[in-house]
């Protein structure tokens, strides 16, 4: 998925969800060393974007990620897929023929990745 713009609206999801997905696209491209200016070499798959969304959410919101997403109307990776495809439909992201909405379905469970698997690094608090 490539990017072309950064604003959209939906009756289902909060505008911040779209902004976060766009930020996560750029974050993921940078993390994976992809060229954001090239449609071919800058492409990010659905699962890659979801992994970037997870990492960026944990950096920004920590274990409150699921709560923040829920306040935006996002309760599963499926919702992120719907947001991405709304952005594609409004020409704010691009897709390749290999990109499908189903690529986003059931990739991870929010409770598991944002709560159960969450660990707080306290090493700095206890170092001498």
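What follows is calculated from the coordinates using simple rules that are stated; it is not laboratory data. Quantities reported herein were computed from a predicted structural model and do not represent experimental measurements. Cβ placement follows ideal geometry from the backbone for every residue including glycine, while neighbour counts extend to all protein chains displayed.
So if each residue of separation counts as 0.36 nm, and I subtract the Cα-Cα distance between residue 31 and residue 123, what length gain in nm does that give?
Result: 30.6 nm gained on full extension.
Taking the chain as the reference, fit the longest principal axis to its C-alpha atoms, fit the long axis of helix 15-31 to the helix C-alpha atoms, and give the angle between the two in degrees, 0 to 90, nearest 10.
Around 80 degrees separate the two axes.
Have a look at segment 2-126 and give its Rg and Dmax from the Cα atoms, expressed in angstrom.
Calculated on Cα positions, Rg and Dmax stand at 14.6, 51 Å.
For the chain, take the longest principal axis of its alpha carbons; what is the angle in degrees between that and the long axis of helix 77-89, to the nearest 10 within 0 to 90?
Orientation of helix 77-89: about 30 degrees from the principal axis.
Any idea what the relative contact order of segment 2-126 is, in percent, if you count C-alpha pairs under 8 Å spaced at least 6 apart?
Contact order relative to length: 31 percent.
Starting with the fewest neighbours, write out 84, 67, 74 ranked by other beta-carbon atoms found within 10 Å of each beta-carbon.
Least to most surrounded, the residues fall as 67, 74, 84.
To the nearest 0.05, how large is the calculated FRET efficiency for residue 90 and residue 23 if R₀ is 25 Å and r is the Cβ-Cβ distance?
Using R0 = 25 Å, I get an efficiency of 0.90.
Which of 35, 121, 79 comes first, and how do the rest follow, when ranked by fewest Cβ neighbours within 10 Å?
121, 35, 79
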